[in-house]
Amino acid sequence: MASFLKKIDGFKISRRNFIKAGTAAAASLTLAGCGNTLTTATGSQAANEEGTWVTAACWHNCGGRCLNKALVVDGVVVRQKTDDTHPDSPDYPQQRGCARGRSQRQQVFGADRLKYPMKRKNWNPGDGGKRELRGVDEWERISWDEALDYIAAELKRVKEAYGNKAILAKDSGPLLNSYGGAMTYWGCTSDGAWPLPQQYMNGGRAKGSNDRLDLKNAKLIVLWGSNPAWSSAGNPTYNFKQAKDAGAKIIIVDPFYNDTAQILADEWIPVRPGTDTALLLGMAHYMITNNLHDLEFLDKYCVGFDADHMPEGADPKENFKDYVLGTYDGEPKTPEWAAKHCGTDPALIRSFAHEIAVTKPMTFSSSSAAARTYLGEQFCQAFLTVGWMTGNVGKPGASVCSNNRHNTQSYGGPVLVKAGSNKSNSIANPLYKEATFPGPDPFKTDWHGIVWDEAWDAVVTGQYTAGVRGKQPCDIKLLWNIGSGNALNQSTNLMQGIEAFRKVEFVVTSAHFLTTTAKYSDIVLPATTEWEKFGGLLNGNPEMLIYYSQITEPLYETKDDIWMLLELGKRLGFEPEKLSSISEKQKVFNQIAGTTVIKQDGSGYETLVTITDQDIAELGVTGKPQKGRISYQEFKEKGVYQVPRAPGDKLGYIDYQGFIEDPVKNPLKTKSGKFQIHSQELADQIKAYGWDTLAPIAKYQYVTEGYEETFSDFAQQVKSEYPLQLTTIHYARRSHSSLGNLPWLREAFQNRLFMHPSDAAARGIKKNDIVKVSSRHGTVIRPVYLTERMMPGTLTLGQGAWAEIDEATGICKAGATNVLNGGIPTGQGVQAYNTCNVQVEKYEGPIKLLPDHEWPLRTVAAQGGNK
C-alpha cells in the first residue's frame with residue numbers, strides 16, 4: 001500500500017507535454033512506477049509550479065459523490081485532496097472522498113483515453129461489413145466530420161428502411177425523439193425489486209428511514225444485505241459508527257462477512273442468496289408462536305396480517321399469519337423449515353427473531369442487494385411484514401427502512417439543500433411517451449420498450465415481452481450508445497449481448513475509453529469527462545450540494561455528448577434550438593439560481609445563493625440578481641454547501657410519524673390507507689408483466705437459479721451441475737464499471753473470487769490458485785481468495801470488470817460477472833444479479849493471467865490498429 005501511495009504522489013505532469021506525448025505515440029506512454037500511463041521530463045518542474053485548487057466532479061455513482069479538490073497546474077491535476085472546508089465532527093462531518101474519487105486524475109489524464117473518432121477497419125456503411133469482427137477488429141482514425149456524416153447517414157437509412165422501432169437506445173434523448181423515437185431499455189437495476197412493493201405496501205416510494213442523527217436513539221440496528229463501506233462511499237458507515245458508539249447493537253445479515261460487518265457488527269447472520277424470505281418467515285413463526293409480535297400495531301396500522309384484518313374483498317384464508325403457521329397448507333414455516341432453505345442455524349433464527357421482537361426502539365434496514373434476485377418482490381414483502389410485526393415505526397430510533405442504498409444509506413427525510421431546474425426543453429419519445437419508473441404500466445398497450453434482461457435475446461430472436469400483450473415481434477438493426485454508459489458490460493447475459501452486437505447492422509458509442517461497449521462498436525466517439533466541461537451540481541447526500549468547476553480544457557479531440565447530438569441534428573435537418581434551447585452554461589446557472597435550502601427552523605425552504613449583476617456578466621448568462629444565504633463566489637470557491645446539523649435542531653425527521661399519531665387524519669397512499677401486508681394489486685401487476693406470479697402476501701416460492709436449483713433433486717439432496725451460489729457485489733475498486741481500468745485501483749483492490757475453504761478443499765483448490773467459474777451462461781477465470789468470511793456454498797465476486805473474452809475458448813479472463821449472470825426476466829423487470837448458480841474448479845488451461853494492475857491498457861494507436 002505504501003508503494004501505491006507513492007505512485008499517486010508521483011503523478012506529476014504538465015498538460016502541454018501530456019498532449020504532445022499522447023499525440024506522438026500513445027503506445028509509448030508510461031506513468032512513473034505505474035505501467036501504461038504517462039511520464040514526462042517536466043514532471044518535477046510542474047509539481048513545483050504554483051497551482052490553483054478547484055472543486056472537481058466526483059461524478060461516479062458510488063454512493064458518495066464526495067468533495068473532490070484538484071490542484072491544477074497548467075491544465076493538469078498534480079494533486080488531489082478532499083473536504084477541509086470546516087472542522088470534522090460526528091454531527092457535522094466533512095464530506096471525505098475515498099480511493100475511487102482520489103484516483104480520478106489517473107482516469108481523466110489516462111493514456112487510454114479515447115482521443116479521436118474511430119471506425120472499425122472492416123465496417124462498411126449499409127450492412128455493417130464483417131460484423132463478426134466486432135470486438136477484435138482494428139481501428140482507423142477518422143475526422144469528426146466523417147464520423148458524424150457516417151452516423152447521420154446510418155440513422156437515416158435505418159429509419160427509412162425499417163422504421164424507428166429498429167433503433168434500440170438506453171436513452172433516446174432529444175435527437176432520437178425528434179427523429180421519431182426509438183425502442184428503449186427499461187427495468188430495475190440498482191433498486192432491485194423494491195419499487196412496486198413500496199408503492200403498493202407503503203403507499204409510494206418512501207424508504208421508511210428516519211433522520212441520520214436519530215440513528216443514535218436506536219438500541220438495535222439491523223443492516224440486511226448492506227455493505228456501505230464498499231457500496232455507499234462517503235459518510236454512511238461513519239454515521240452507523242456514531243450510532244454504535246451511542247450504544248446501538250448492530251446485526252448484519254449477508255452471505256458474506258463483509259467489510260462493514262468487520263467494522264461495525266456485533267453479530268453476523270449468514271443467509272444463502274435468494275433465501276432471505278425463508279429466513280424472515282422462520283423468524284415470523286417464532287414471533288407468532290411466542291406471542292412476541294406487536295398485535296396492537298398490526299391491528300391498527302396494517303391490513304392482511306390475520307383473517308380478522310383483511311382488505312375488502314380478499315379471501316380471509318389468504319392472510320399472513322395462517323400461511324406462516326401452515327394452517328391451510330399443512331407446512332408450518334418453523335425455524336427448522338427455514339433453515340433447510342436459508343442455511344441459517346435454527347437456534348440463530350430464534351435468537352435473532354427474539355431480539356428484533358423485544359428490542360425497542362429498533363431500526364430494521366435493508367439495502368437492495370437481497371432484492372436483486374429472481375422474484376425479489378417476495379423478499380420485499382417479507383422484510384416489510386416482519387419489520388411491521390415489531391411495531392418499530394414512526395418513533396425516535398425506530399424505523400423499517402426499505403431500499404436504503406447508495407447515497408441514501410443512513411440518511412432519511414427530505415433533501416435539505418436541492419438544486420433548481422435547469423429549465424431545458426423536454427421532447428417525449430413517440431414510442432414510449434410516459435416517464436415511468438421502473439418501467440411501463442404492463443396493462444397499457446401503447447408503449448414499446450425492452451426490459452434489460454431480455455434486450456440481447458430480443459435482438460437475437462426478434463421478439464420481446466410487452467406486458468399483457470405478451471410476446472411482440474421486433475427487428476433491431478441499430479444500437480445507439482451515445483451518452484449511455486457501458487450497457488453491454490453492465491447488463492446480464494453478456495455473451496448473448498456480444499452475439500446481439502455482432503448481429504445488428506450498425507453500432508455507435510461515445511465513451512471516455514475503449515470500454516466493452518465501445519470495443520464491440522463500429523464507430524466510437526471520444527467524449528469529454530465532467531472535468532472537461534463547464535461544471536455542474538451534484539447531490540452527494542441529502543445534507544449537502546456540490547458545485548464543481550471545469551478542471552482542464554478537453555483533451556485531444558474529445559467532445560461533449562450534447563455537442564455530438566447537436567451536430568448530428570444539423571445533418572438530419574434540425575435547428576440546434578429544437579434539440580437544446582439553452583447552453584450548458586445557462587443550464588448550470590439556472591440550477592444554481594434555483595437552488596434552495598431548508599430554513600433553520602425547518603418551516604420551509606429559502607434561496608441559497610446570492611447572485612449579483614457582476615456574477616451574471618462574468619458568467620455570460622441570462623438571469624436576475626437575487627439574495628440568498630451565501631454568495632455565488634463563496635459557493636464556487638468552497639465547492640460545497642452543507643447544512644450544519646446538531647442534536648435537537650429543527651431539521652430532524654421521523655418517517656411515518658404523522659400516520660402513527662393519527663392514521664385517520666394522515667392515511668398512507670395505499671388502497672386501504674394503511675400498511676398493506678396483503679396486496680392483490682401488487683400480485684396483479686407482477687403477473688401482468690408476463691414472467692412470474694406473486695402471492696399477495698409474503699410466501700416463499702422456489703425461483704430460477706435459487707438455492708433449490710443447486711440440486712438436481714432437492715428432496716433427495718442430489719447436487720446439480722452448478723452447486724454453488726454466486727453474488728456479484730459492489731466493489732471498492734470500481735463504481736459499477738467506471739474506474740475499472742485504473743492501475744492504481746487495480747493494484748490496491750485485487751478482484752478475486754471469495755470462497756470458503758471447505759468448498760475449495762472439496763475441489764482441490766488452494767490459496768491463490770486461478771479458478772474457472774462456470775454457469776449455464778458463460779465462464780470466467782479469476783484468482784481465488786479463501787476465507788471463512790464466506791458462508792459455505794456461497795461465493796462472491798465484485799461486479800463491473802471490463803470483459804476480456806478469449807475468442808478461442810469464450811472465457812472471460814477479467815471476471816466480468818455478467819458473463820455468468822443470465823438474462824432471465826423476472827417480476828417487474830428486475831435484473832437478478834444475486835441469484836446465479838455456478839461451479840468452480842481449478843483452472844489449468846492455456847490462458848495466462850497476469851495480476852490485474854500489470855495488464856496493458858486498452859490504448860489505440862493514433863492512426864489505427866487496436867493495440
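The values are calculated or read from the model by the stated rules, or taken from the named source; none is laboratory data. All of these numbers come straight from a predicted model, not from anything done at the bench. Reconstructed Cβ throughout: ideal geometry from the backbone, glycine too, with neighbour counts over all protein chains shown. Areas reflect the complete protein model, heavy atoms only, side chains present, ligands, DNA and RNA absent. Shrake-Rupley method; radii C 1.70, N 1.55, O 1.52, S 1.80 Å.
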Does segment 648-660 include one or more residues that are under 30 Å from TYR323 (Cβ atoms), at pLDDT 95 or above, part of a loop (DSSP other than H, G, I, E, B) and in contact with a helix residue (DSSP H, G or I) (Cβ under 8 Å, 6 or more places away or on another chain)?
no
For the structure I just gave you, tell me whether THR515 is within 26 Å of VAL460 (Cα to Cα), in contact with a helix residue (DSSP H, G or I) (Cβ under 6 Å, 6 or more places away or on another chain) and of a type in the set (S, T, N, Q).
no
Would you be able to tell me the number of residues in segment 326-336 that are outside any loop (DSSP other than H, G, I, E, B) and surrounded by fewer than 19 Cβ atoms within 10 Å (Cβ to Cβ)?
1
Residue ID - nearest to TYR162 (Cα to Cα), chosen from residues in segment 187-201 that are touching a strand residue (DSSP E or B) at 6+ places or on another chain (Cβ under 7 Å) and open to solvent by less than 10 Å² (accessible area, probe 1.4 Å)
CYS188
Answer yes or no: is there a residue in segment 139-150 that is over 29 Å from ALA339 (Cα atoms), in contact (Cβ under 8 Å) with a residue 24 or more places away in the chain and in contact with a Cys (Cβ under 8 Å, 6 or more places away or on another chain).
no
How many residues are touching an Asp or Glu at 6+ places or on another chain (Cβ under 8 Å) and either β-branched (Val, Ile, Thr) or outside any loop (DSSP other than H, G, I, E, B) (or both) when one looks only at segment 831-851?
6
If GLU705 meets every condition in (1) open to solvent by 10 Å² or more (accessible area, probe 1.4 Å); (2) assigned to a loop (DSSP other than H, G, I, E, B); (3) farther than 30 Å from ARG100 by Cα apart from one, which number is that one?
(1)
Look at segment 542-559 and say how many of its residues are closer than 23 Å to GLN107 by Cα and outside any loop (DSSP other than H, G, I, E, B).
5
Does ALA278 satisfy being within 22 Å of GLU705 (Cα to Cα) and not in a loop (DSSP other than H, G, I, E, B)?
yes
Restricting to segment 337-381, count the residues that are of a type in the set (Ser, Thr, Tyr), farther than 28 Å from ALA246 by Cβ and touching a Phe, Trp or Tyr at 6+ places or on another chain (Cβ under 9 Å).
2
ASN407 vs (1) outside any loop (DSSP other than H, G, I, E, B); (2) open to solvent by 10 Å² or more (accessible area, probe 1.4 Å); (3) under 12 Å from ASN210 (Cβ atoms): all pass except (3)
Residues of segment 255-286 satisfying the condition of being open to solvent by less than 20 Å² (accessible area, probe 1.4 Å), in contact with a Phe, Trp or Tyr (Cβ under 6 Å, 6 or more places away or on another chain) and farther than 19 Å from GLU377 by Cβ:
ALA261, LEU264, ILE269
Segment 560-606, residues that are at pLDDT 95 or above, buried (at least 17 other Cβ atoms within 10 Å of the Cβ), of a type in the set (S, T, N, Q) and not in a helix (DSSP H, G or I)
THR595, THR596
Would you kindly identify the strands (runs of 3 or more DSSP E) lying entirely within segment 716-805 that contain at least 1 residues that are open to solvent by 10 Å² or more (accessible area, probe 1.4 Å) and touching a residue at least 40 places away in the same chain (Cβ under 8 Å)?
724-729, 753-755, 770-774, 779-786
Within segment 427-439, is there a residue that is among the aromatic types (Phe, Trp, Tyr), open to solvent by 10 Å² or more (accessible area, probe 1.4 Å) and part of a loop (DSSP other than H, G, I, E, B)?
yes
Within segment 290-314, which residues are among the hydrophobic types (A, V, I, L, M, F, W, C), outside any helix (DSSP H, G or I) and out of contact with any helix residue (DSSP H, G or I) (no Cβ under 6 Å at 6 or more places or on another chain)?
MET310, ALA314
Hits in segment 61-79 - residues which are open to solvent by less than 40 Å² (accessible area, probe 1.4 Å) and either farther than 28 Å from SER484 by Cβ or in a loop (DSSP other than H, G, I, E, B) (or both)
CYS62, GLY63, GLY64, CYS66, LEU67, LYS69, LEU71, VAL72, VAL73, GLY75, VAL76, VAL78
If you scan segment 92-111, which residues turn out to be touching a helix residue (DSSP H, G or I) at 6+ places or on another chain (Cβ under 7 Å), in a loop (DSSP other than H, G, I, E, B) and farther than 16 Å from ALA233 by Cβ?
PHE109, ALA111
Out of all the residues in segment 290-311, which are open to solvent by 30 Å² or more (accessible area, probe 1.4 Å) and without any contact (Cβ under 8 Å) to a residue 60 or more places away in the chain?
ASN291, LEU295, ASP299, ALA307, ASP308, HIS309
Given the conditions (1) assigned to a loop (DSSP other than H, G, I, E, B); (2) open to solvent by 10 Å² or more (accessible area, probe 1.4 Å); (3) out of contact with any His (no Cβ under 9 Å at 6 or more places or on another chain), report the number of the one that VAL468 does not fulfil.
(1)
If you scan segment 795-810, which residues turn out to be at negative phi and under 22 Å from the mean Cα position of the chain (by Cα)?
LEU795, THR796, LEU797, GLY798, GLN799, ALA801, TRP802, ALA803, GLU804
Selection count where residues are open to solvent by less than 10 Å² (accessible area, probe 1.4 Å) and assigned to a helix (DSSP H, G or I), scope segment 503-531
4
For segment 107-118, state whether one or more residues are of a type in the set (Ser, Thr, Tyr) and either closer than 30 Å to ALA803 by Cβ or touching a Leu at 6+ places or on another chain (Cβ under 7 Å) (or both).
yes
Checking VAL358 against (1) at pLDDT 95 or above; (2) under 28 Å from the mean Cα position of the chain (by Cα); (3) farther than 14 Å from ASP276 by Cβ, which test does it fail?
(2)
Filtered residue count, segment 476-502, keeping only those that are within 26 Å of MET564 (Cα to Cα) and either touching a Lys or Arg at 6+ places or on another chain (Cβ under 6 Å) or surrounded by fewer than 18 Cβ atoms within 10 Å (Cβ to Cβ) (or both)
4
Top-ranked residue of segment 405-446 - restricted to ones that are basic (Lys, Arg) and closer than 22 Å to GLN591 by Cβ, ranked as modelled with the highest pLDDT:
LYS418
Kindly indicate the residue of segment 130-174 that is at pLDDT 95 or above and hydroxyl-bearing (Ser, Thr, Tyr) and also surrounded by the most Cβ atoms within 10 Å (Cβ to Cβ) among those meeting that condition.
TYR150
Checked ARG96, ARG113 against criteria (more than 29 Å from GLU575 (Cβ to Cβ) and open to solvent by 20 Å² or more (accessible area, probe 1.4 Å)); the one match is ARG96
